[in-house]
Amino acid sequence: MSGKRIHLSVLSSTNSYTIELLSQNGIESWTVVSCDHQSAGKGQRGKRWEVEPEANLTFSVAIEARIGLEQQYIVSSAAVLAVVNTLEAYGIDARFKWPNDILVEGEKIAGILIENQVADGMIRWSVIGIGLNVNQTHFPPYDWPATSMKRIRKGLDLDKEEVLSLLLQSLKQAWFALAKGKTSANIRRMDELLFGFEDEVQFEVGGKRVVGMILGLAHDGGLRLALSEGVRTFYNGELKLLRSAS
Ligand code: BTN
């Protein structure tokens, strides 16, 4: 259950390297792969994850999940809760922008990329890739502005290893609670953490701008929205929250 720690100075992507190790059949559950610099870090929806080398955490955790395909939300909820709880331990109040971004003061502090290996109709392995901005202080003008723990903590340098260790502890706690079915309290907490919760926000759905109110999460992790035509649940990839939300 403890898993190995693999740290390399440069990797193209910790997720890709972990998946490669998995395909070679030589990995224990809870193996953690990290690096100082990702030369081709992957973001969601085919985007890149580009951050300053050495300043931040870029790592992946491989978990032998063995859960149903419809339980994918367990993986993303565990990852979101792990990041938010870790930030909380540093006195940083974070929100979660559905489905997988972590924001502080409306700016993105972490991104999560989950890649699953599916076999026999179940999620056999989940590779949870997390990029958490720790000590970087300047960011280029991204679509959605970025921030870091150091910026929020007014310039205080943080020990990345300490942050990682807290995060892994928190990930295990959330994972085992959710996998044992303790979902309702966690989903309630996720609702409270939702960026834009019970606010009217703008989305892009199928190339169109839509206004709706975020009602919360469905039991399967979908996002429930009140739209002019009624309440609808959306799933990952179906909509994009636009930045007018506060
Ligand atoms: C996003 O917000 O678009 C997701 C970003 C995920 C970045 C992390 S960094 C470690 C892991 N390896 C990758 O190539 N990507 C994830």
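Given the conditions (1) under 14 Å from the mean Cα position of the chain (by Cα); (2) closer than 27 Å to Leu22 by Cβ, which single one is not true for Ile109?
(2)
Can you find a residue that is touching a Lys or Arg at 6+ places or on another chain (Cβ under 9 Å), among the hydrophobic types (A, V, I, L, M, F, W, C) and over 24 Å from Glu88 (Cα atoms) anywhere in segment 196-210?
yes
For the list (1) within 20 Å of the chain's Cα centre (by Cα); (2) modelled with pLDDT under 90, I need the number of the one condition that Lys180 fails.
With respect to (1) within 20 Å of the chain's Cα centre (by Cα); (2) modelled with pLDDT under 90, Lys180 is out only on (1).
When segment 199-246 is examined, which residues are found to be of a type in the set (Lys, Arg) and surrounded by 15 or more Cβ atoms within 10 Å (Cβ to Cβ)?
Arg224, Arg232, listed by residue number.
Restricted to segment 67-77, and to residues that are surrounded by fewer than 16 Cβ atoms within 10 Å (Cβ to Cβ) and closer than 20 Å to Glu238 by Cα, which residue is modelled with the lowest pLDDT?
Glu70
Can you find a residue that is at negative phi, touching a strand residue (DSSP E or B) at 6+ places or on another chain (Cβ under 9 Å) and of a type in the set (Lys, Arg) anywhere in segment 56-70?
There is no residue in segment 56-70 that is at negative phi, touching a strand residue (DSSP E or B) at 6+ places or on another chain (Cβ under 9 Å) and of a type in the set (Lys, Arg).
Would you mind listing the strands (runs of 3 or more DSSP E) fully within segment 14-105 where at least 1 residues are out of contact with any helix residue (DSSP H, G or I) (no Cβ under 9 Å at 6 or more places or on another chain) and away from the ligand (no atom under 16 Å from the Cβ)?
57-68
Does Lys172 satisfy the criteria of being open to solvent by less than 80 Å² (accessible area, probe 1.4 Å) and assigned by TED's automatic domain parsing to the domain that holds Thr31?
yes
Here is a check on your reading of the model: is Val134 over 20 Å from Thr18 (Cα atoms) and open to solvent by less than 60 Å² (accessible area, probe 1.4 Å)?
Yes.
Among (1) open to solvent by 20 Å² or more (accessible area, probe 1.4 Å); (2) modelled with pLDDT of 95 or more; (3) within 16 Å of the ligand (Cβ to nearest atom), there is one condition Asp143 misses while meeting the rest; what is its number?
Against the list (1) open to solvent by 20 Å² or more (accessible area, probe 1.4 Å); (2) modelled with pLDDT of 95 or more; (3) within 16 Å of the ligand (Cβ to nearest atom), Asp143 comes up short only on (2).
Per-residue answers, yes or no, for (1) more than 21 Å from Tyr73 (Cβ to Cβ); (2) among the hydrophobic types (A, V, I, L, M, F, W, C):
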{"residue": "Leu166", "(1), (2)": "yes, yes"}
{"residue": "Ser170", "(1), (2)": "no, no"}
{"residue": "Ala177", "(1), (2)": "no, yes"}
{"residue": "Ala185", "(1), (2)": "no, yes"}
{"residue": "Gly212", "(1), (2)": "no, no"}
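Working carefully through the options Glu64, Glu52, Glu28, Glu107, find the one that is open to solvent by 30 Å² or more (accessible area, probe 1.4 Å) and touching a Gly at 6+ places or on another chain (Cβ under 9 Å).
So the residue among Glu64, Glu52, Glu28, Glu107 that is open to solvent by 30 Å² or more (accessible area, probe 1.4 Å) and touching a Gly at 6+ places or on another chain (Cβ under 9 Å) is Glu28.
The values are calculated or read from the model by the stated rules, or taken from the named source; none is laboratory data. Treat the numbers as computed from the prediction; the structure is a model and nothing was measured. No Cβ is skipped: glycine too gets one built from the backbone with ideal geometry, and neighbour counts run over all protein chains shown. Keep in mind that these areas ignore ligands, DNA and RNA; they rest on the heavy atoms of the full protein, side chains included. Shrake-Rupley method; radii C 1.70, N 1.55, O 1.52, S 1.80 Å.
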